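Working notes, structure below.
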Amino acid sequence: VEASIPEPQREAWTKNQFDGFKNKDEFEKEVVRHVETTLARSMFNCDDVAAYSATALAFRDRLIKDWNKTQQRQTFTDSKRIYYLSLEFLMGRALDNAMLNVKGKDIAKSALDELGFRIEDIIGQENDAALGNGGLGRLAACFLDSMASLNYPAWGYGLRYRYGIFKQEIIDGYQVEVPDYWLDFNPWEFPRHDVTVDIQFYGHVRKSQDANGKTVANWEGGETVTAVAYDMPIPGYDTPSTNNLRLWSSKAASGEFDFQKFNSGEYESSVADQQRAETISAVLYPNDNLDRGKELRLKQQYFWVAASLYDIVRRFKKSKRAWREFPDQVAIQLNDTHPTLAVVELQRILIDKEGLEWDEAWAIVTATFGYTNHTVLPEALEKWPVGLFQHLLPRHLQIIYDINLFFLQSVEKRFPDDRDMLSRVSIIEESQPKMVRMAYLAIVGSHKVNGVAELHSDLIQTTIFKDFVKIYGADKFTNVTNGITPRRWLHQANPRLSELIASKTGGYDYLKDLTTLNKLEQYVDDKAFRKEWAEIKYANKVRLAKYIKSTLDITVNPAALFDVQVKRIHEYKRQQLNIFGVIYRYLQIKEMSAEERKKQAPRVSIFGGKAAPGYWMAKQIIHLINNVGSVVNKDPDVGDLLKVIFLEDYNVSKAEIIIPASDLSEHISTAGTEASGTSNMKFVLNGGLIIGTCDGANIEITREIGQENIFLFGTLSEDVEDLRHNHTYGKHAVDSGLQKVFDAITSGKFGDANDFGALVSAVRDHGDYYLVSDDFQSYIDTQKMVDEEYKNQEEWVSKCIRSVARMGFFSSDRCINEYAEEIWNIEPLAV
Ligand code: GPV
């Protein structure tokens, strides 16, 4: 390629290359240039926002240089690429991460200082890129960081939502949703107006004969919407590798059709078409672990998947390789079932557009895809009505029927006497109306299926996908336990702890091999080290206490035990168990004598998280937490012994403040319901202990750090089914301690009892599906142990240090290496 450019031209290009900044002065120059030209401002009207923008643009310029080189290298070496398809990327802020990953933060700090700005203020100007709901979206973001840091040739593909997850306000104790219009100014994205794909919807299928007499399907008519690419550079840590996150935005196709309308005076309807097209990428659906089956959501899925596959296929075709080599060049990972249509779309491209035979095409498809399952909750498993498919994607429905036919034929051959099996595993559920089961389609269309923690992977293989294990054999199913990036979740969020760790483990290399943390263990008995460790935790708590003061005007004592539960509000995550426990504690304090109160360990119970706008029970839980807070926090009998805090609008950038400040965090889902959890890993990595159930990754965390370093309680997942059965058919009395809590609630102590009737009766009268009553006593007992152990600070800190030292396994780098080896068959690209 290089040889095709004449020597003099090449010279002109090379000698004028933009080299980025190499020192403080050059960086300062870049910032001033952006302020004065890109932003058309000056030193006289450069506020923090402008200074942020210019700083971000200076780093963006530098990232895009590395990005270009990375892409060229991948093309020249013709490397296999991994494409990570996710409907959510919960990225948070980019500036701090970019500065740290390219090791430019010190330069930026002193330059900004000279220009009259504090770097923390500048970092704080950035809006979170909140294109996700919770764990699933944040996992995708951690994976991007790891794939770049490990030099894998990887692309993320997603949607460029105009509105990310809503902003949460708490008004009179209730959640109120406010739209998150985050794109006002986003210096991190590169619009690629030349990279567009036309996406078709609706219409009909006409069969015809080609020149060889072969029947071909033609998908005709319907409407077209255009996808425009927006690219975000993803810098790796301490490497020139800079990968790409490509997000698609929808706009009306600029066909003649619009012009005709426009010219014939139908201006308004032409504008309406425009808006309808833009609606597709307008908003992120705000549901976590719930499928609501909305038509627009299916449109989003196809729009994004079709644009991404077009892009991937276009890139492959440039290599002029034979189609059978496609899986040697391309791996595609399906982040949950949301992108499952990609399986069907690739099959369609191969048979309808490229003329391959079905079997040849299908072998390519199944060798290309891998599917990650993130839940066993039945209400979260995607199903779409056949009628909706017929209407929106008629050709895809035909292909799904064929995929299912061939699949069921093969099953019938292997299990000739099992009629039941066929209806159980059919991709089409024979219900009224008929439904397409997306998880089954994803399994049939992939060569590997994985869960996200050991227990979860075992559960999917023995429950929801049991038949498929019988059909395909156990090798197709595997586990890849989730991980988190230590760059954002330790180095960025907890700089002082990161520095202390670096000083003891031989520098910051531990950020590239997290197992190096084990070197910390030898310092557990070092008094000075323990003291410094404790001071850092205290300073992080002071920072959070200030944040609480400034946002809620509540004073909390940083010496109290900070007990944190931050995550999406969901009945299965059991924030109700936590708040019932808080009420129980409050009632106990009220009954104590002054003497007894003196012996109590002070505690701050901190909650945060969003409820899906349509999830009424979750909203009631938020309301109860806030009402309990307003009673407890001003009760003079209680004082510092208990404070109840609900932090508004929990998101990634707030997590970076909250997580390093926790002493104890709660991961208390009903056993068997939380696929993995990832914040559990973040909290332990930041020197906090966990109270938790035997669920998800808690189990592996326990195995790594030792059961003496975690507070486990509650029912085991193998007993859940029986307990539920007993609740429904046998006798089931509410736990007596919990009954006192219910009495307090129904007496109106925390506001109108009617408001919380549903929370109480879910446990008392409606079968207690989440086993709150069963686990209550053991939860309370375990919290009591926490109180006792926290009094012995020396021992507590030792536990924290040992835990951190043993957390190496939970790096998303380990996790990505497992995917690369076992599922993607892909190698890092040497730099
Ligand atoms: I399905 N997860 C999520 O955040 N949203 C979803 O819609 C679904 C799953 C989460 C799981 O609940 C967590 O247990 C898990 O750690 C996370 O996905 C990443 O795997």
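Just to verify a result, which residue in the stretch 473-488, among those that are more than 14 Å from the ligand (Cβ to nearest atom) and in contact (Cβ under 8 Å) with a residue 12 or more places away in the chain, is surrounded by the most Cβ atoms within 10 Å (Cβ to Cβ)?
That would be Pro486.
Residues of the stretch 502-518 that are over 27 Å from the mean Cα position of the chain (by Cα) and either crowded, with 17+ Cβ neighbours inside 10 Å or not in a loop (DSSP other than H, G, I, E, B) (or both): Ala502, Ser503, Lys504, Thr505, Asn518.
I'm checking my understanding of the structure. Among residues of the stretch 156-167 that are buried (at least 24 other Cβ atoms within 10 Å of the Cβ) and part of a strand (DSSP E or B), which one is farthest from the ligand (Cβ to nearest atom)? Here the answer is Tyr157. Among the candidates Tyr538, Tyr547, the residue that is among the aromatic types (Phe, Trp, Tyr), assigned to a helix (DSSP H, G or I) and free of Cβ contacts under 8 Å to residues at least 60 places away in the same chain is uniquely Tyr538.
Rundown of residues vs (1) in contact with a strand residue (DSSP E or B) (Cβ under 6 Å, 6 or more places away or on another chain); (2) surrounded by fewer than 15 Cβ atoms within 10 Å (Cβ to Cβ); (3) more than 26 Å from Glu674 (Cα to Cα), yes/no style:
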| residue | (1), (2), (3) |
| --- | --- |
| Leu738 | no, no, no |
| Asp743 | no, yes, yes |
| Ala758 | no, yes, no |
| Asp765 | no, yes, no |
| Asp768 | no, no, no |
| Asp775 | no, no, no |
| Glu789 | no, no, yes |
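Of the residues contained in the stretch 443-463, none is found to be touching a residue at least 12 places away in the same chain (Cβ under 8 Å), under 23 Å from Gly203 (Cβ atoms) and not basic (Lys, Arg). For the residues Tyr769, Tyr729, the requirement of being touching a residue at least 12 places away in the same chain (Cβ under 8 Å) and away from the ligand (no atom under 16 Å from the Cβ) singles out Tyr769. Is it the case, given these coordinates, that Val542 is under 18 Å from Gly692 (Cα atoms) and among the aliphatic types (A, V, I, L, M)? It is false that Val542 is under 18 Å from Gly692 (Cα atoms) and among the aliphatic types (A, V, I, L, M). Can you find a residue that is among the aliphatic types (A, V, I, L, M), outside the structural domain of Ala655 (by TED's automatic domain parsing), under 30 Å from Lys512 (Cβ atoms) and more than 19 Å from the chain's Cα centre (by Cα) anywhere in the stretch 142-162? There is at least one residue in the stretch 142-162 that is among the aliphatic types (A, V, I, L, M), outside the structural domain of Ala655 (by TED's automatic domain parsing), under 30 Å from Lys512 (Cβ atoms) and more than 19 Å from the chain's Cα centre (by Cα).
Per this entry, Ile622 is not counted among residues that are in the same structural domain as Ala744 (by TED's automatic domain parsing), among the hydrophobic types (A, V, I, L, M, F, W, C), touching a helix residue (DSSP H, G or I) at 6+ places or on another chain (Cβ under 6 Å) and buried (at least 20 other Cβ atoms within 10 Å of the Cβ). Only residues that are in contact (Cβ under 8 Å) with a residue 24 or more places away in the chain and at positive phi were counted in the stretch 183-230, giving 2. Do you know which residues across the stretch 709-739 are more than 30 Å from the chain's Cα centre (by Cα), within 28 Å of Asp563 (Cα to Cα) and not hydroxyl-bearing (Ser, Thr, Tyr)? Answer for the stretch 709-739, where residues must be more than 30 Å from the chain's Cα centre (by Cα), within 28 Å of Asp563 (Cα to Cα) and not hydroxyl-bearing (Ser, Thr, Tyr): Val734, Asp735, Gly737, Leu738, Gln739. Take the conditions (1) aromatic (Phe, Trp, Tyr); (2) free of Cβ contacts under 8 Å to residues at least 12 places away in the same chain; (3) closer than 30 Å to Tyr615 by Cα; Tyr267 misses just one of them, which is (3).
Right, Ile701: within 16 Å of the ligand (Cβ to nearest atom) and either of a type in the set (Ser, Thr, Tyr) or part of a helix (DSSP H, G or I) (or both) or not? Taking the combined requirement at face value, the residue satisfies it.
Taking (1) within 16 Å of the ligand (Cβ to nearest atom); (2) more than 23 Å from the chain's Cα centre (by Cα) in turn, His456 satisfies each apart from (2).
Is it fair to say Glu521 is out of contact with any helix residue (DSSP H, G or I) (no Cβ under 8 Å at 6 or more places or on another chain), assigned by TED's automatic domain parsing to the domain that holds Pro636, surrounded by fewer than 23 Cβ atoms within 10 Å (Cβ to Cβ) and not in a strand (DSSP E or B)?
Taking the combined requirement at face value, the residue does not satisfy it.
Each residue in the stretch 433-453 was checked for being within 15 Å of the ligand (Cβ to nearest atom) and either in contact with a Leu (Cβ under 9 Å, 6 or more places away or on another chain) or outside the structural domain of Ala474 (by TED's automatic domain parsing) (or both), and 6 of them qualify. Flag set for Phe756, criterion: among the aromatic types (Phe, Trp, Tyr), away from the ligand (no atom under 16 Å from the Cβ) and either farther than 21 Å from Pro378 by Cβ or part of a helix (DSSP H, G or I) (or both). Would you check if there is a residue in the stretch 283-290 being aromatic (Phe, Trp, Tyr), on the phi < 0 side of the Ramachandran plot and either away from the ligand (no atom under 16 Å from the Cβ) or not assigned by TED's automatic domain parsing to the domain that holds Asp231 (or both)? The answer is no; no qualifying residue exists.
Of all residues in the stretch 111-139, which are within 16 Å of the ligand (Cβ to nearest atom), in a helix (DSSP H, G or I) and aliphatic (A, V, I, L, M)?
Initial filter on the stretch 111-139 (within 16 Å of the ligand (Cβ to nearest atom)): 130-139.
Right, trim to in a helix (DSSP H, G or I) and you get 135-139.
Within the stretch 111-139, Leu136, Leu139 meet the criteria.
Does Asp180 satisfy being modelled with pLDDT under 95 and surrounded by 19 or more Cβ atoms within 10 Å (Cβ to Cβ)? For Asp180, the condition - modelled with pLDDT under 95 and surrounded by 19 or more Cβ atoms within 10 Å (Cβ to Cβ) - is met. Evaluating Arg806 against the criteria (1) free of Cβ contacts under 8 Å to residues at least 60 places away in the same chain; (2) closer than 30 Å to Trp533 by Cβ leaves one unmet condition, (1). Pairs meeting the criteria (first residue in the stretch 115-136 and under 24 Å from Phe27 (Cα atoms), second residue more than 13 Å from the ligand (Cβ to nearest atom) and at pLDDT below 95, beta carbons under 7 Å, at least 6 apart or on different chains) are Asn127/Trp182. If you check Phe21, Phe76, Phe44, Phe27 for being among the hydrophobic types (A, V, I, L, M, F, W, C) and within 25 Å of Leu829 (Cα to Cα), only one passes: Phe76. Scanning the stretch 582-627 for residues that are without any contact (Cβ under 8 Å) to a residue 60 or more places away in the chain, more than 23 Å from Phe742 (Cα to Cα) and over 33 Å from the mean Cα position of the chain (by Cα) yields Ser593, Ala594, Glu595, Glu596, Arg597, Lys598, Lys599, Pro602. Just to be sure, is Asn151 in a loop (DSSP other than H, G, I, E, B), out of contact with any strand residue (DSSP E or B) (no Cβ under 7 Å at 6 or more places or on another chain), more than 16 Å from the ligand (Cβ to nearest atom) and under 30 Å from Phe316 (Cβ atoms)? Yes.
The values are calculated or read from the model by the stated rules, or taken from the named source; none is laboratory data. No experiment lies behind these values; they were computed from the predicted model shown. Glycine gets a Cβ as well: all are built from the backbone with ideal geometry, and neighbour counts include every protein chain shown.
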